[in-house]
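Report on the following structure.
The values are calculated or read from the model by the stated rules, or taken from the named source; none is laboratory data. What you see is a predicted model; the values in this text were computed from it and never measured. Note: ideal-geometry Cβ built from the backbone for every residue, glycine included; neighbour counts use all protein chains shown.
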Amino acid sequence: MSSTHHELPVAEGTELIDRLEFLKLMYASRHGDRREGMLLRQSKGWFQVSGMGHEALGVLGVLLRDNDYLFPYYRDRAMVLARGLTSYDLALAYFAKAGSSSGGRQMPGHYSSYEKNIWSVPTPTGANLLPACGVAWSQQLQNESSVVIATIGDAASRQGEFYEAIAFAVERQLPVIFVVEDNRYGISTCTDAFNPFKLGVFADAIGIQHVNGRRVADVEAAGRAAIARARSGGGPSVLVCEIDRLCSHTSSDDHRSYRSTEEISEMQDRDPITLLAAELISEGQLTNEQWEAAKVEIAASVDWDYEQAESAADPHATQLRHELLGEEPRTTAPPLIGGQTMRMVDAVNRTLKAGLAEDSFRVMFGEDIEDPKGGVFKLTEGLSTQFPNRVFNSPLAEATIAGVACGMASVGMRPVFELQFVDFVGPAWNQISQNLATLRWRSNGDWTCPVVFYAPYGAYLPGGSLWHSQSNEAWFMHTPGLRVVIPSTPEDAAGLMWTAMAADDPTIVLLPKHLIRQQVHVDRNIPPVPFGKARIRQSGSDVTLVTWANCVELSMQVAADLSGEVSVEVIDLRSLQPWDRDTVTASLAKTGRLVVVQEDAESCSAGQMFISELTSRDDSFYSLLSAPRLVSRPDVHIGYNPVYEYAALPSVDDVTAAIRSVMDN
């Protein structure tokens, strides 16, 4: 017996699918769920999520072409089998084996296949929808005929990203079909009172169709119409499919505690497999005896797949960090002419322009970035005029910006997207932390996400108040899978942006607002700026002062003021994740004293992390002649009145006092 490769009931043109073959596929899906349930009860496995009752929706996978994309959720077992995965693939995922699509990193039901255009399932409900829009937009921009199907459970239709995805798809008339799998439950909560389609929230103008998701023929008809609409440029559709969840939410749940015996029994009478089998038998295409024999054969084949998968190799602990990030990007000198005075805003603008000219797959998206505004800081001035088909204004919706970027990047585009102020990253945080940062690792390198997000950052510019003055680099640094860089000069801004645009992983480029319009002389020779390489802004022999961003200017002033008293070596880290520990360690070997100056709040900050790491390693700790000092904003927000702002931020006096303190001890 060999691994199950189901004969797919492929639909070509207007030809209806082979319902008998699809019935067999549905049963293979069902028996796989049952097999996993049995294995779990035998303590062979840790968790199971079942798709029982959702099988008829798998016909949508049959209707897709090879170049179409599927963004499933965790109950779409039949749909991914119809798309070409095998029961053996799903068995490997159940056992979390090294050969599974995630290398054992994802829970069962979190399907993924780059080869078959099945995007890696994220657990946060609805988080797949905005990336699906990103893929659909990519295909549209490239004049491809591809269609994208994205599925969610009905409970997730109350997620904000669901509404953002629909709005963006309608705005751009994207070839995307949203499938709401309405089984009336979000774990134990009946969703009838929350479901926006039952509350009348949406207008019919967006192509909503209510479908009996228990009957294959109804799903097929609705799917064909929606796909034809999308493929012909008619825009998105929403299929609201009424189905039953014939099982508990997961193996950690028991639906008998909140559903009546009568309700459960009624659902079993509407089992989509039973309905289709009865239909084929009544039509004379199948006999009871043939169906019983087919079930035995399918069950044996699926069981064999699980037996083989159980003995497959487990991942090794040494593989834990594999595919967290790709290789460091090749660095070249940024496309900037030195030997002149310029502003950081000018350097970034010229670098973005060169990047757009260099790569036709590079695209920009952000609030107010098109001309005539050209961005609130003029970072993108002139770009939409020169590249009108690749520089776009976004809606005022940061989750859309981040989610669309993730989807576009995963299919070969090179997004360089703007967050108007880093302070407004909150709505985008789900996409950044749960999708962008995890996509490579959770798919074991199958999917990658070469995105650049840049954002104005920081204070020292009175009048910004709480939400235009944040320096929150530690948020990003704490998230594995992201690189974080912060320049303090025009040439470093250009160099870091140029390197970020060459990277194959998400990079956060933070641009200090206080420095962004300062006129600075740039040397004629502008070298490449690799990630993780600091810049010694001033050599010294008594104290190592480590800083970045706005605090570089402050630190240089203090070093100049103390030049006759203390010889201060000022190190501008430039790259915070990764950071240049070697340069700092070498400096400490010379000076023996350390001061770290940062603008961010103190607790759980980058500065605290750097000091902790330097004092926990022998090669740097034994160089210290005194305890390190951290000069930081206290754990408080920035107020609107400049009195509050400057009371919170590190000052010349604060840095001076810290340097004298380490010299006196």
Failed condition for residue 471, given (1) among the hydroxyl-bearing types (Ser, Thr, Tyr); (2) buried (at least 24 other Cβ atoms within 10 Å of the Cβ); (3) farther than 18 Å from residue 576 by Cβ = (3)
Scan 235, 284, 326 and give me the residue that is in a loop (DSSP other than H, G, I, E, B), at positive phi and surrounded by 11 or more Cβ atoms within 10 Å (Cβ to Cβ).
-> 235
Hey, residue 345 hits all of (1) within 30 Å of residue 523 (Cβ to Cβ); (2) among the β-branched types (Val, Ile, Thr); (3) more than 35 Å from the chain's Cα centre (by Cα) but one; which does it fall short on?
-> (3)
Do we have any residue at all in region 402-423 that's touching a Phe, Trp or Tyr at 6+ places or on another chain (Cβ under 7 Å) and surrounded by fewer than 18 Cβ atoms within 10 Å (Cβ to Cβ)?
-> yes
Got at least one residue in region 268-276 being within 17 Å of residue 25 (Cβ to Cβ), of a type outside the set (D, E, K, R), touching a Pro at 6+ places or on another chain (Cβ under 8 Å) and surrounded by 14 or more Cβ atoms within 10 Å (Cβ to Cβ)?
-> no
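Which one of these is at pLDDT below 95 and in the same structural domain as residue 651 (by TED's automatic domain parsing): 540, 607, 564, 592? Don't jump to the end; show me each part of the working.
Values: 540 fails: at pLDDT below 95; 607 fails: at pLDDT below 95; 592 fails: at pLDDT below 95.
It is 564.
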Under the condition of being out of contact with any Phe, Trp or Tyr (no Cβ under 7 Å at 6 or more places or on another chain) and of a type in the set (Gly, Ala, Ser), which residue from region 552-586 is surrounded by the most Cβ atoms within 10 Å (Cβ to Cβ)?
-> 555
Is it the case that residue 448 is β-branched (Val, Ile, Thr), within 25 Å of residue 353 (Cα to Cα), in a helix (DSSP H, G or I) and at pLDDT 95 or above?
-> no
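For region 600-655, give me the residue count where each residue is among the polar types (S, T, N, Q), crowded, with 18+ Cβ neighbours inside 10 Å and assigned to a helix (DSSP H, G or I). Please lay out each step first, then the result.
We begin by selecting, within region 600-655, every residue among the polar types (S, T, N, Q); these are 603, 605, 608, 612, 615-616, 620, 623, 626, 632, 641, 651.
This time we only want the ones that are crowded, with 18+ Cβ neighbours inside 10 Å, so: 605, 620, 623, 632.
After this cut, where a residue has to be assigned to a helix (DSSP H, G or I) as well, the list is 620.
Final tally of qualifying residues: 1.
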Quick check, is residue 208 of a type in the set (Val, Ile, Thr), closer than 26 Å to residue 82 by Cβ, under 30 Å from the mean Cα position of the chain (by Cα) and surrounded by fewer than 21 Cβ atoms within 10 Å (Cβ to Cβ)?
-> yes
Hey, does region 171-184 have a residue that's of a type in the set (Asp, Glu) and surrounded by fewer than 22 Cβ atoms within 10 Å (Cβ to Cβ)?
-> yes
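If you check residue 337 against the conditions, is it surrounded by fewer than 20 Cβ atoms within 10 Å (Cβ to Cβ) and hydrophobic (A, V, I, L, M, F, W, C)? Full working, then the answer.
Numbers: surrounded by fewer than 20 Cβ atoms within 10 Å (Cβ to Cβ): yes; hydrophobic (A, V, I, L, M, F, W, C): yes.
Yes: the conditions hold for residue 337.
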Find the residue count for region 33-59, including only residues that are of a type in the set (A, V, I, L, M) and under 15 Å from residue 302 (Cβ atoms).
-> 3
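Hey, among 276, 246, 239, which residue is within 17 Å of residue 75 (Cβ to Cβ), modelled with pLDDT of 95 or more, assigned by TED's automatic domain parsing to the domain that holds residue 53 and not charged (D, E, K, R)?
On the way: 276 fails: within 17 Å of residue 75 (Cβ to Cβ); 246 fails: modelled with pLDDT of 95 or more.
Among 276, 246, 239, only 239 is within 17 Å of residue 75 (Cβ to Cβ), modelled with pLDDT of 95 or more, assigned by TED's automatic domain parsing to the domain that holds residue 53 and not charged (D, E, K, R).
Look through 188, 113 and report the one residue that is within 30 Å of residue 34 (Cβ to Cβ) and either in contact with a Lys or Arg (Cβ under 6 Å, 6 or more places away or on another chain) or at pLDDT below 95 (or both). Don't jump to the end; show me each part of the working.
Numbers: 113 fails: either in contact with a Lys or Arg (Cβ under 6 Å, 6 or more places away or on another chain) or at pLDDT below 95 (or both).
Of the residues listed, the single one that is within 30 Å of residue 34 (Cβ to Cβ) and either in contact with a Lys or Arg (Cβ under 6 Å, 6 or more places away or on another chain) or at pLDDT below 95 (or both) is 188.
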Being free of Cβ contacts under 8 Å to residues at least 60 places away in the same chain, farther than 19 Å from residue 511 by Cα and not in a strand (DSSP E or B) is the filter here, so list the residues in region 535-577 that pass it.
-> 539, 540, 541, 559, 560, 563, 564, 565, 567
Do the conditions hold for residue 23, that is, is it modelled with pLDDT of 95 or more, within 18 Å of residue 305 (Cβ to Cβ) and not in a loop (DSSP other than H, G, I, E, B)?
-> no
Counting only residues that are surrounded by fewer than 14 Cβ atoms within 10 Å (Cβ to Cβ) and in a loop (DSSP other than H, G, I, E, B), region 249-267 contains a total of 3
Would you tally the residues in region 73-100 being buried (at least 24 other Cβ atoms within 10 Å of the Cβ), among the hydroxyl-bearing types (Ser, Thr, Tyr) and farther than 14 Å from residue 26 by Cβ?
-> 3
Inspect all residues belonging to region 389-396 and state whether any of them is within 24 Å of residue 334 (Cβ to Cβ), surrounded by fewer than 16 Cβ atoms within 10 Å (Cβ to Cβ) and of a type outside the set (A, V, I, L, M).
-> no
Scan region 301-317 and give yes if some residue there is aliphatic (A, V, I, L, M), surrounded by 13 or more Cβ atoms within 10 Å (Cβ to Cβ) and part of a helix (DSSP H, G or I), otherwise no.
-> yes
